[in-house]
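Contents: one structure, followed by commentary.
What follows draws every value from the coordinates through simple rules; no lab data is involved. This one's a predicted model, so the numbers in the text were calculated from it and none came from an experiment. Backbone-built Cβ (ideal geometry, glycine too); neighbour counts: all protein chains shown.
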Amino acid sequence: MSLPEIFVIGGGGHAKVLVGALKRAGRTPAGITDADQAHHGGRLLGVPVVGGDAAVERLSPDAVLLVNGLGSTGRPVARAALFNRFHARGFRFFTVIDTTALVSEEVALGDGAQVLAGAILQPGVRLGPNSVANTGARIEHDAVAGAHVHVAPGAVVLGGVVIEDMVHVGAGAVLRQGVRVGTGAVIGAGAVVVADVPPGAVVAGVPARPLHE
Ligand code: JB3
């Protein structure tokens, strides 16, 4: 029996990284959709941009697997909305693991989680549905991330950290052992988080302190 075809939803920078990872894993996508008509008919790493999301919505949810191609640089609202919209219609999301990532034993990955090039997930880690461990992110033993979390490139999440849903951990940030980051919080790039972060807070700096949005 042949494997279901994969479609990537969104055709920008994050999607390009995902297409590269999928190709390395031997699962070249059948197509990409993009909201911007200017991309339609083009190609991303050789994969055709077949149209808008209607091109996938008219397919049977049982026949295809989706990959969320939207990235995020702050609270991942659009990325979460896209996942929820397609999930509500019965579509399933493929879990992307780059061939160069290290996913240890006793790691649990949610539906549509994405573990990108060089990322390391140590034993006991949980990464929830639609969450991303981006390039070179390191998530240490027993750290837990909820749904729609983005751990950006090079961030380091130390042992036993708890990251609630919809959190953005900026590039190169460090989260000290055991801290808890509340739902919807944003950690700035390069921040060093040494204490719990309340839900919805935006923090940056060394040590990380609240910013006003
Ligand atoms: O820094 C890194 C390593 N990656 C960043 C990533 C995490 O976030 C990257 O540099 C970008 O800052 C961002 O990536 P993303 O989301 O791919 O951004 P961008 O390159 O601007 O592309 C977004 C694409 O999604 C655009 O082509 C939009 O037209 C398209 N888009 C937006 N909403 C959508 C939708 N496409 C579809 N199919 N459906 C939508 O609802």
>> I'd like the full set of residues that are in contact with a Pro (Cβ under 7 Å, 6 or more places away or on another chain), near the ligand (Cβ under 10 Å from one of its atoms) and β-branched (Val, Ile, Thr), limited to region 1-31.
In response: Val8
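From Ala201, Ala143, which residue is buried (at least 18 other Cβ atoms within 10 Å of the Cβ), farther than 24 Å from Ala101 by Cβ and either away from the ligand (no atom under 16 Å from the Cβ) or among the β-branched types (Val, Ile, Thr) (or both)?
Ala201
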> Asn84: within 16 Å of the ligand (Cβ to nearest atom) and surrounded by fewer than 21 Cβ atoms within 10 Å (Cβ to Cβ), yes or no?
Replying inline: yes
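Kindly provide the set of residues from region 52-72 that are assigned to a loop (DSSP other than H, G, I, E, B), near the ligand (Cβ under 10 Å from one of its atoms) and more than 29 Å from Ile120 (Cβ to Cβ), ordered by number.
Gly52, Asp53
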>> Criterion first (farther than 16 Å from Val115 by Cα and more than 10 Å from the ligand (Cβ to nearest atom)) does Arg75 satisfy it?
In response: yes
> Which one of these is surrounded by fewer than 16 Cβ atoms within 10 Å (Cβ to Cβ) and under 14 Å from the mean Cα position of the chain (by Cα): Gly42, Gly13, Gly110?
Replying inline: Gly13
> With respect to Pro48, is the statement that it is touching a strand residue (DSSP E or B) at 6+ places or on another chain (Cβ under 6 Å), more than 10 Å from the ligand (Cβ to nearest atom) and in a loop (DSSP other than H, G, I, E, B) true?
Replying inline: no
>> Return the pair list, or none, for Cβ contacts closer than 6 Å from residues in region 190-213 that are within 22 Å of Gly154 (Cα to Cα) to residues that are in a loop (DSSP other than H, G, I, E, B) and of a type in the set (D, E, K, R), at least 6 apart or on different chains.
In response: Val194/Arg176; Val202/Glu213
